[in-house]
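The values are calculated or read from the model by the stated rules, or taken from the named source; none is laboratory data. Computed from a predicted structure; not experimentally measured. Here Cβ is always computed from backbone atoms with ideal geometry, including for glycine, and neighbour counts include all displayed protein chains. We work out accessible area using only protein heavy atoms, side chains counted, and drop any ligands, DNA or RNA first. Shrake-Rupley method; radii C 1.70, N 1.55, O 1.52, S 1.80 Å.
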Amino acid sequence: MKRNVCALSFPLRAFIFSNSEAAPRGIFSQFPSSSSIQFHSATNGFQFSKRRFEYGFANNIKNVDEAVRLFREMVRMRPLPSVIEFNQLLDRLVKLKQYLLVISLYKDMCNSRIPVNEFILTVVINSFCLVGRVDFGFSVLGIFFKSGHLPNVITFGTLLRGLFGQNRVSDAQELFKKIVNDKLCEPNEVMYGILIDGLCKIGNTSTAIKFLRFMEIGRWKPDIISYNTIIDNLCKGGMLDEAIAFFNEMVEKGTAPNVVTYSSLMHGLCNLGKSEVAMKFINEMLKFKICPNVVTFNILINGLCKEGKMEEAEFIMKIMIERGEKPDAFTYGALMDGYCLQGRMEEAGRVFDRMVCVGVDPNIQTYNILINGYCKRKKIDIAMQVFQELPRKRLIPNIVTYSTILQGLLCVGRCVDAQELFNKMQKDGQKLDIYTHGIMLHGLTQNGHIDEALSLLSMIENNELHLSISWYNIIIHGLCKHGKLDEARALFNTLFLKGLDVDKVTFNTMITGLCNGGLLKEAKELLVKMGEIACYPDEVTYNIIVQGCLKGGEDADALMYLEEMDRRGFLLNASTFSNILDLLPSKAKDHILLKAIQKLNPIEKLASS
């Protein structure tokens, strides 16, 4: 085996250093030693010099201070504690998520020539992977070979997880092939699980299933974790039929589903608006003595609420409580959101009161739901009252909170108040995102404050923020809507100079403005330009241009575009269809437009009279 390992020509990073003494210094040069790490003294720590290193002693370490003091004591002891004790210490630090400290302590061990084993080296590789340096992890693998240690299935599994963590999927697959082909170790169910999980996280479910099939014919059979991973990914991808088929296959092969399996299937069903089908799984779970947990109930309650089935959601919550599962903030939030979506704000308020009454603390998401509900009903004063309660509840508004309030203010035309809140957000250091800027730009233009919107856009550009084409689409639409076609055209022409990716929405907005302004020639030129820059016209574009031609009396051109729509498989929308029908009474009954729309109308039967 060792011969095969050393003969690897793996295209990731050199496994083996030409100089084993230089290896530790090379890869650890950018990491501090433990002596440079600042830590606080403690008066009630361990008495390490008198301590016996019984198994599990490291589990008592609670913080970095204790770990570093213990390590220093261990290094000074003669004889040295065994390599097992050092391994326990480093492993404990990994559990405390002190990955850089693990690397630093290992560096000190190398400098002090303290012996290490394959377990310590694997812990160090894991730490490198967890700080995003899987390349250094492969460098440590080289130390394995130089020191005469053989990496095992845990070592290679750790590297595979690190590669997936950095989205180096092809490298992970190549490493697995090397492991199998060169017999570096025998993959076990954990390694297969890492592969399946990594592939599913990037949406490559088909390849994950292939690895599972490979598992089935080998020594290690797929476990429930591997099946759950694939089922969950199929559900998230909307492939519910495939997920259920996979579920049935799993059961037929003798692997019993658990609460995670059912929760994934129910989540997939609810996402597709099939919460009533998901409810049946609750009965099936109880039949097989699988207890639904808080997550399961929350998935179902949230799905029912999204579909407006509030009575059913309340019923499921009642069952949840009867079975000893305590509703949490998410449960109450889902119910509140459901009532808010129906405009039933009194019921939403009562759910909030129930929540507080049973001792569940509302979080910022809970308040966001309530604020959004009031804003949607244009009860902005009540929304502001809820918003102003947050400091008293020691809750910090987030970007969603502010964005919701901004949108509510702008929807009722309170642009000055919205501008003041927007300025306060900036003053308080709130990080504004694309969505928030879009809300302000859209609200200002909708309320006719075009100059203020342009001023805001200029400020965004001057601050060198990442520019979004959606902002310019909003402004161009506002300018066109308010008859400022010259300014819209000028702004549109600057987009290419700014290096922005002009999209179909941008073109469609500008073409609409030109058609409404009677500038059909320019509109047609833009249609041609879309093809030239590979931003091809869609169904919306052709409907816009056809309507423009009809309004401008250019029936021949309208017919030409209708025929093009037919070739591309596009259909007329309701507005275009209505415009054509309005023209037919003044035309001959066998007019060519009638024949054209008979091809493009989704409802093929037209009144012949």
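The figures follow:
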{"item": "Test: residue in the stretch 500-518 that is at pLDDT below 90, surrounded by 15 or more Cβ atoms within 10 Å (Cβ to Cβ), among the hydrophobic types (A, V, I, L, M, F, W, C) and not in a helix (DSSP H, G or I)", "result": "yes"}
{"item": "Unmet criterion (only one of (1) farther than 28 Å from Ile511 by Cα; (2) open to solvent by 60 Å² or more (accessible area, probe 1.4 Å); (3) modelled with pLDDT of 90 or more; (4) part of a helix (DSSP H, G or I)) for Lys378", "result": "(4)"}
{"item": "Leu304 of a type in the set (A, V, I, L, M, F, W, C), under 20 Å from Gly238 (Cβ atoms) and not in a loop (DSSP other than H, G, I, E, B)", "result": "yes"}
{"item": "Residue among Ala558, Ala523 that alone is more than 17 Å from Cys480 (Cβ to Cβ) and touching a Cys at 6+ places or on another chain (Cβ under 8 Å)", "result": "Ala558"}
{"item": "Test set (1) assigned to a helix (DSSP H, G or I); (2) open to solvent by 30 Å² or more (accessible area, probe 1.4 Å); (3) without any contact (Cβ under 8 Å) to a residue 24 or more places away in the chain - Ile179 fails condition number", "result": "(2)"}
{"item": "The listed residue being closer than 28 Å to Phe570 by Cα and of a type in the set (D, E, K, R), out of Glu461, Glu525", "result": "Glu525"}
{"item": "Flag for Val386 being over 17 Å from Leu304 (Cα atoms) and open to solvent by less than 30 Å² (accessible area, probe 1.4 Å)", "result": "yes"}
{"item": "Pair list, Cβ < 6 Å and 6+ apart or interchain, from the stretch 542-570 residues that are not β-branched (Val, Ile, Thr) to residues that are not in a helix (DSSP H, G or I)", "result": "Tyr542/Phe570; Asn543/Asn573"}
{"item": "Subset of the stretch 533-556 (residues that are open to solvent by 40 Å² or more (accessible area, probe 1.4 Å), part of a helix (DSSP H, G or I) and at pLDDT below 90)", "result": "Lys551, Ala556"}
{"item": "Options Lys107, Lys146, Lys95; residue that is within 22 Å of Met191 (Cα to Cα) and either free of Cβ contacts under 8 Å to residues at least 12 places away in the same chain or among the basic types (Lys, Arg) (or both)", "result": "Lys95"}
{"item": "Residue among Ile103, Ile120, Ile125 that is open to solvent by less than 10 Å² (accessible area, probe 1.4 Å), closer than 25 Å to Val75 by Cβ, under 28 Å from the mean Cα position of the chain (by Cα) and β-branched (Val, Ile, Thr)", "result": "Ile125"}
{"item": "Residues satisfying the stated conditions in the stretch 493-517, i.e. under 19 Å from Ser455 (Cβ atoms) and among the hydrophobic types (A, V, I, L, M, F, W, C)", "result": "Leu495"}
{"item": "Out of Leu199, Leu195, Leu272, Leu234, sole residue that is farther than 30 Å from Pro151 by Cβ and open to solvent by less than 20 Å² (accessible area, probe 1.4 Å)", "result": "Leu234"}
{"item": "Helices (runs of 4 or more DSSP H) enclosed by the stretch 90-165 - at least 3 residues per element that are in contact with a helix residue (DSSP H, G or I) (Cβ under 7 Å, 6 or more places away or on another chain) and over 29 Å from Gly203 (Cβ atoms)", "result": "99-111, 118-130, 134-146"}
{"item": "Contacts under 7 angstrom Cβ, first residue in the stretch 158-172 being closer than 23 Å to Glu118 by Cβ and charged (D, E, K, R), partner open to solvent by 10 Å² or more (accessible area, probe 1.4 Å) and in a helix (DSSP H, G or I), 6 or more apart", "result": "Arg161/Cys129; Arg161/Ile194"}
{"item": "Members of the stretch 399-440 that are open to solvent by less than 40 Å² (accessible area, probe 1.4 Å) and within 16 Å of Leu370 (Cβ to Cβ)", "result": "Thr401, Tyr402, Ser403, Thr404, Ile405, Gly408"}
{"item": "Residue within the stretch 480-487 that is open to solvent by 50 Å² or more (accessible area, probe 1.4 Å), in contact with a helix residue (DSSP H, G or I) (Cβ under 9 Å, 6 or more places away or on another chain) and closer than 20 Å to Gly531 by Cβ present", "result": "no"}
{"item": "Some residue of the stretch 183-194 being within 24 Å of the chain's Cα centre (by Cα) and part of a helix (DSSP H, G or I)", "result": "yes"}
{"item": "Test: residue in the stretch 560-574 that is assigned to a loop (DSSP other than H, G, I, E, B), aromatic (Phe, Trp, Tyr) and within 30 Å of Gly499 (Cα to Cα)", "result": "no"}
